[in-house]
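Since the structure comes first, as structure tokens, the remarks are kept for the end.
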Amino acid sequence: MCLRKRYSNTPNFNAKLEQDLKRARRSSRCRRMRAPPQRNLHATIDQIHAVSVGAVAAAAPDEDERRRRISHDVKLETIPNCEPSTKPTAEEVRSWAQSFDKLMKTPSGRNVFREFLRTEYSEENMLFWLACEDLKNEANKSAIEEKARMIYEDFISILSPKEVSLDSRVRDVINKKMAEPSTQTFDDAQLQIYTLMHRDSYPRFLNSSIYKSLFQRSSSTSSES
């Protein structure tokens, strides 16, 4: 209706109206051609999202790596005189199957058992036991207090990600002894963790691929010699 009023006084009204309509249609088609298809836009957004997620996943360490870093930090901060890695003898490897005490008495046995505990996400038990042994060898009073505080914060505190599993009785004893820390502050807790490793982890260690491969290599070495 509006177009008819516009062209009512124009000669060749129908021709002019038809030309304008064609021109409008062509302009509309051009705009549609220039606009990106909606599905391609969605595909582009999906691609950007996929790349972003991949980048974040690559940048963030996985759980195993996070635990390895935590273990490394504990090794450096809590146990300043960690045992050096030593290669076990064939006799030592065979003796580990005889008793848990023999396994824990040798540095090489403790190192191998610690590696096994790491695969079970319970390495903090060995780290705590080693830290307690280190505390017992300290003679300086101020150093004893500092080491006791670090052990408490790293392994006893409920806020620590490396908290070891202790019953309420042992925790109460530790809390009282922390008023005046000594080399015996964590004796009850150390014994409880030692018993836990003996009863729970040690049998699985003897059946693990870590120990079996060491045992096989030690047996083949003995037969060759």
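Here are some notes:
- Where Lys136 falls short, out of the listed (1) at pLDDT 95 or above; (2) open to solvent by 60 Å² or more (accessible area, probe 1.4 Å); (3) closer than 29 Å to Arg217 by Cα: (3)
- Boolean, Leu130 is more than 23 Å from Pro203 (Cβ to Cβ), of a type in the set (A, V, I, L, M, F, W, C) and outside any loop (DSSP other than H, G, I, E, B): no
- The range 102-119: number of residues that are of a type in the set (A, V, I, L, M, F, W, C) and under 16 Å from Glu92 (Cα atoms): 4
- Take the conditions (1) of a type outside the set (Val, Ile, Thr); (2) over 18 Å from Lys102 (Cβ atoms); (3) surrounded by fewer than 16 Cβ atoms within 10 Å (Cβ to Cβ); (4) at pLDDT 95 or above; Phe128 misses just one of them, which is (3).
- Flag for Gln192 being open to solvent by 40 Å² or more (accessible area, probe 1.4 Å) and either part of a loop (DSSP other than H, G, I, E, B) or in contact with a Lys or Arg (Cβ under 9 Å, 6 or more places away or on another chain) (or both): no
- Residue check, Ile144 of a type in the set (A, V, I, L, M, F, W, C) and free of Cβ contacts under 8 Å to residues at least 40 places away in the same chain: yes
- Lone unmet requirement of (1) acidic (Asp, Glu); (2) modelled with pLDDT under 95; (3) crowded, with 19+ Cβ neighbours inside 10 Å for Glu123: (2)
- Options Ser218, Ser223, Ser142; residue that is modelled with pLDDT under 95, surrounded by fewer than 13 Cβ atoms within 10 Å (Cβ to Cβ) and either of a type in the set (Ser, Thr, Tyr) or part of a helix (DSSP H, G or I) (or both): Ser223
- Within the option set Asp154, Asp200, being assigned to a helix (DSSP H, G or I), open to solvent by less than 40 Å² (accessible area, probe 1.4 Å) and charged (D, E, K, R) holds for one residue only, Asp154.
- Failed item in (1) over 27 Å from Gln98 (Cβ atoms); (2) open to solvent by 60 Å² or more (accessible area, probe 1.4 Å), with Lys162 passing the rest: (2)
The values are calculated or read from the model by the stated rules, or taken from the named source; none is laboratory data. Only a predicted model underlies this, so the values are computations on that prediction, with no experimental measurement involved. All Cβ positions, even for glycine, are placed from backbone atoms using ideal geometry, and neighbour counts span all protein chains on display. The area values use the complete protein model at the heavy-atom level, side chains included, leaving out ligands, DNA and RNA. Shrake-Rupley method; radii C 1.70, N 1.55, O 1.52, S 1.80 Å.
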